[in-house]
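A.B. asks: Structure in C-alpha coordinates, see below.
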Amino acid sequence: MIRIGHGFDLHRLIPGRPLWLGAVQIPFDRGLFGHSDGDVVCHAIADALLGAAGLADIGHLFPDTDPAIANIRGAEILRQTAAQIGAAGWAITNLDATVIAETPRLAPHIQEMRTAIAAALGLDPGRVGVKATTSEGLGATGDGNAIATHAVCLLHALPIHG
Ligand code: MG
(Lines give C-alpha, C1' and ligand atoms only; values in the text may rest on other atoms or scores of the structure.)
Protein backbone atom coordinates (compact mmCIF):
# COMPACT_ATOMS: atom_id res chain seq x y z
CA MET A 1 0.00 0.00 0.00
CA ILE A 2 1.20 3.47 -0.83
CA ARG A 3 -0.05 6.97 -0.05
CA ILE A 4 0.70 10.33 -1.68
CA GLY A 5 0.83 13.65 0.19
CA HIS A 6 1.15 17.35 -0.59
CA GLY A 7 2.09 20.29 1.64
CA PHE A 8 2.45 24.05 1.13
CA ASP A 9 3.68 26.81 3.40
CA LEU A 10 4.60 30.49 3.12
CA HIS A 11 6.10 32.80 5.72
CA ARG A 12 6.90 36.51 5.63
CA LEU A 13 10.51 37.71 5.63
CA ILE A 14 11.27 40.26 8.34
CA PRO A 15 14.45 41.85 9.75
CA GLY A 16 15.91 40.67 13.04
CA ARG A 17 15.30 36.94 12.62
CA PRO A 18 17.71 34.15 11.60
CA LEU A 19 16.78 32.46 8.31
CA TRP A 20 16.10 28.73 8.70
CA LEU A 21 15.29 26.69 5.58
CA GLY A 22 15.34 22.91 5.40
CA ALA A 23 16.73 22.69 8.95
CA VAL A 24 19.77 24.74 7.90
CA GLN A 25 20.57 28.27 9.08
CA ILE A 26 21.37 30.40 6.04
CA PRO A 27 23.25 33.71 6.22
CA PHE A 28 20.85 36.53 5.22
CA ASP A 29 19.77 39.97 6.42
CA ARG A 30 16.23 38.80 7.24
CA GLY A 31 14.45 35.71 8.54
CA LEU A 32 11.01 34.13 8.39
CA PHE A 33 8.37 35.41 10.81
CA GLY A 34 6.47 32.84 12.85
CA HIS A 35 5.74 31.35 16.27
CA SER A 36 8.18 28.61 15.24
CA ASP A 37 11.53 29.26 13.56
CA GLY A 38 9.51 29.87 10.35
CA ASP A 39 11.18 27.05 8.40
CA VAL A 40 8.74 26.79 5.49
CA VAL A 41 10.63 23.88 3.95
CA CYS A 42 10.27 21.66 7.02
CA HIS A 43 6.67 22.81 7.53
CA ALA A 44 5.59 21.97 3.98
CA ILE A 45 7.30 18.57 4.19
CA ALA A 46 5.66 17.82 7.56
CA ASP A 47 2.22 18.68 6.16
CA ALA A 48 2.80 16.47 3.11
CA LEU A 49 3.75 13.54 5.36
CA LEU A 50 0.86 14.10 7.77
CA GLY A 51 -1.62 14.46 4.91
CA ALA A 52 -0.42 11.26 3.26
CA ALA A 53 -0.88 9.37 6.54
CA GLY A 54 -4.34 10.88 7.08
CA LEU A 55 -3.22 12.58 10.31
CA ALA A 56 -4.06 16.06 11.63
CA ASP A 57 -2.07 18.85 9.99
CA ILE A 58 0.89 20.76 11.37
CA GLY A 59 -1.32 23.55 12.72
CA HIS A 60 -3.13 21.05 14.95
CA LEU A 61 0.01 19.22 16.08
CA PHE A 62 2.08 22.36 16.68
CA PRO A 63 -0.41 25.18 17.47
CA ASP A 64 0.99 28.71 17.26
CA THR A 65 -0.82 29.48 20.52
CA ASP A 66 1.36 27.02 22.50
CA PRO A 67 4.14 28.92 24.33
CA ALA A 68 5.95 25.63 24.97
CA ILE A 69 6.86 25.37 21.28
CA ALA A 70 7.86 29.00 20.64
CA ASN A 71 10.71 29.06 18.10
CA ILE A 72 10.49 25.27 17.64
CA ARG A 73 13.04 24.15 15.04
CA GLY A 74 11.95 22.68 11.74
CA ALA A 75 14.12 19.65 12.42
CA GLU A 76 12.21 18.96 15.66
CA ILE A 77 8.88 19.23 13.83
CA LEU A 78 10.18 16.69 11.28
CA ARG A 79 11.41 14.34 14.03
CA GLN A 80 8.02 14.39 15.76
CA THR A 81 6.21 14.04 12.44
CA ALA A 82 8.29 10.99 11.50
CA ALA A 83 7.41 9.41 14.85
CA GLN A 84 3.70 10.00 14.21
CA ILE A 85 3.92 8.59 10.68
CA GLY A 86 5.71 5.49 11.97
CA ALA A 87 3.21 5.00 14.79
CA ALA A 88 0.42 5.14 12.20
CA GLY A 89 2.10 2.29 10.29
CA TRP A 90 3.78 4.22 7.47
CA ALA A 91 7.34 4.65 6.22
CA ILE A 92 8.60 7.36 3.85
CA THR A 93 9.40 6.16 0.34
CA ASN A 94 10.59 9.57 -0.81
CA LEU A 95 9.78 13.27 -0.64
CA ASP A 96 10.43 16.25 -2.87
CA ALA A 97 10.29 19.95 -2.01
CA THR A 98 10.44 23.10 -4.16
CA VAL A 99 11.46 26.28 -2.35
CA ILE A 100 10.30 29.57 -3.91
CA ALA A 101 12.64 32.41 -2.91
CA GLU A 102 13.81 35.44 -4.86
CA THR A 103 16.76 35.87 -2.48
CA PRO A 104 19.05 34.60 -1.04
CA ARG A 105 20.50 32.26 -3.62
CA LEU A 106 19.87 28.76 -2.27
CA ALA A 107 21.86 26.57 -4.65
CA PRO A 108 24.93 26.48 -2.34
CA HIS A 109 22.76 25.16 0.53
CA ILE A 110 20.67 22.50 -1.19
CA GLN A 111 22.85 19.50 -0.32
CA GLU A 112 23.11 20.55 3.33
CA MET A 113 19.32 20.90 3.47
CA ARG A 114 18.83 17.42 2.00
CA THR A 115 21.21 15.96 4.57
CA ALA A 116 19.61 17.80 7.50
CA ILE A 117 16.04 16.91 6.47
CA ALA A 118 17.02 13.27 5.93
CA ALA A 119 18.72 13.11 9.33
CA ALA A 120 15.66 14.56 11.09
CA LEU A 121 13.40 12.00 9.39
CA GLY A 122 15.80 9.05 9.75
CA LEU A 123 16.10 8.66 5.97
CA ASP A 124 18.84 8.19 3.39
CA PRO A 125 19.43 11.61 1.74
CA GLY A 126 18.79 9.89 -1.60
CA ARG A 127 15.10 9.80 -0.65
CA VAL A 128 14.96 13.57 -0.11
CA GLY A 129 14.68 16.03 -3.02
CA VAL A 130 15.10 19.78 -2.52
CA LYS A 131 15.00 22.29 -5.37
CA ALA A 132 14.91 26.10 -5.43
CA THR A 133 13.27 28.47 -7.86
CA THR A 134 12.17 32.12 -8.00
CA SER A 135 8.87 33.80 -8.90
CA GLU A 136 10.47 35.92 -11.64
CA GLY A 137 9.97 39.03 -9.48
CA LEU A 138 6.19 38.58 -9.26
CA GLY A 139 3.94 38.42 -6.18
CA ALA A 140 4.89 38.21 -2.50
CA THR A 141 7.72 35.76 -3.06
CA GLY A 142 8.93 37.64 -6.13
CA ASP A 143 9.00 40.93 -4.21
CA GLY A 144 11.27 39.27 -1.66
CA ASN A 145 8.68 39.69 1.11
CA ALA A 146 8.10 35.98 1.64
CA ILE A 147 9.52 32.51 1.04
CA ALA A 148 7.23 29.59 0.18
CA THR A 149 7.62 25.85 -0.31
CA HIS A 150 5.62 23.12 -2.02
CA ALA A 151 6.32 19.52 -0.99
CA VAL A 152 5.10 16.11 -2.07
CA CYS A 153 5.81 12.70 -0.60
CA LEU A 154 5.09 9.02 -1.01
CA LEU A 155 4.56 6.68 1.93
CA HIS A 156 4.58 2.88 1.98
CA ALA A 157 2.96 0.67 4.59
CA LEU A 158 5.31 -0.74 7.22
CA PRO A 159 5.37 -4.54 7.48
CA ILE A 160 3.05 -5.76 10.23
CA HIS A 161 4.93 -7.77 12.87
CA GLY A 162 3.60 -10.09 15.43
MG1 MG B 1 4.63 27.36 8.75
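A.B. asks: If the elastic network links every pair of Cα atoms under 10 Å, which of GLY142, GLY122, GLY59 fluctuates the most in the Gaussian network model of the chain?
C.D. replies: Among GLY142, GLY122, GLY59, the largest mean-square fluctuation in the Gaussian network model of the chain belongs to GLY59.
A.B. asks: Can you tell me the FRET efficiency between ALA56 and THR93 if r is taken as the Cβ-Cβ distance and R0 is 22 Å, rounded to the nearest 0.05?
C.D. replies: In this case the efficiency is close to 0.50.
A.B. asks: Classify the stretch 8-79: rounded, prolate or oblate, from the alpha-carbon gyration tensor (a ≥ b ≥ c, eigenvalue square roots; a/c under 1.5 rounded; otherwise prolate if a/b is larger than b/c)?
C.D. replies: prolate
A.B. asks: Next up: For the modelled label position 7 Å from the Cα of LYS131 along Cα-to-Cβ, which residues of the stretch 7-27 have backbone nitrogen atoms closer than 17 Å?
C.D. replies: Only 7-9 fall inside the zone, counting backbone N under 17 Å.
A.B. asks: Cα centroid distance between the stretch 1-54 and the stretch 90-162, in Å?
C.D. replies: Between the Cα centres of the stretch 1-54 and the stretch 90-162 lies a distance of 9 Å.
A.B. asks: Let me ask you something else. Tally Lys and Arg at +1 and Asp and Glu at -1 over the other residues with C-beta under 15 Å from the C-beta of GLY34: what net charge comes out?
C.D. replies: -3
A.B. asks: Could I ask something else about it? Leaving ligands, DNA and RNA out of it, report the carbon-plus-sulfur percent of the accessible area of the stretch 2-157 at a 1.4 Å probe.
C.D. replies: Carbon-and-sulfur percentage of accessible area, whole number: 55.
A.B. asks: To continue, here is another question. So what is the relative contact order for the chain, in percent, with contacts set as C-alpha pairs under 8 Å and at least six apart?
C.D. replies: It comes to 33 percent, rounded to a whole number.
A.B. asks: Taking only Cα atoms and a 10 Å spring cutoff, compute GNM fluctuations for the chain and point out the largest among ALA97, ALA119, ALA46.
C.D. replies: Highest fluctuation of the listed residues: ALA119.
A.B. asks: Could you tell me whether the stretch 1-125 comes out rounded, prolate or oblate from its Cα gyration tensor? Rule is a ≥ b ≥ c as square roots of the eigenvalues, rounded for a/c under 1.5, then prolate if a/b exceeds b/c, otherwise oblate.
C.D. replies: oblate
A.B. asks: Using only DSSP helix segments of four residues or longer, with each worth -39500 (n - 2.57), what per-residue ellipticity at 222 nm results for the chain after dividing by its residue count and rounding to 500?
C.D. replies: About -8500 deg cm²/dmol.
A.B. asks: In square angstrom, what is the accessible area per residue of the chain with a 1.4 angstrom probe?
C.D. replies: So the chain comes to 48 Å² accessible per residue, rounded to a whole number.
A.B. asks: 7 Å from Cα along Cα→Cβ at both ARG105 and ASP124: what's the point-to-point distance in nm?
C.D. replies: With each label placed 7 Å out from Cα toward Cβ, I get 3.2 nm.
The values are calculated or read from the model by the stated rules, or taken from the named source; none is laboratory data. Since we're looking at a predicted model, the values are computed, not measured. Glycine gets a Cβ as well: all are built from the backbone with ideal geometry, and neighbour counts include every protein chain shown. Ligands, DNA and RNA are stripped out before the accessible areas are found, and what is left, the full protein with its side chains, is counted by its heavy atoms. Shrake-Rupley method; radii C 1.70, N 1.55, O 1.52, S 1.80 Å.
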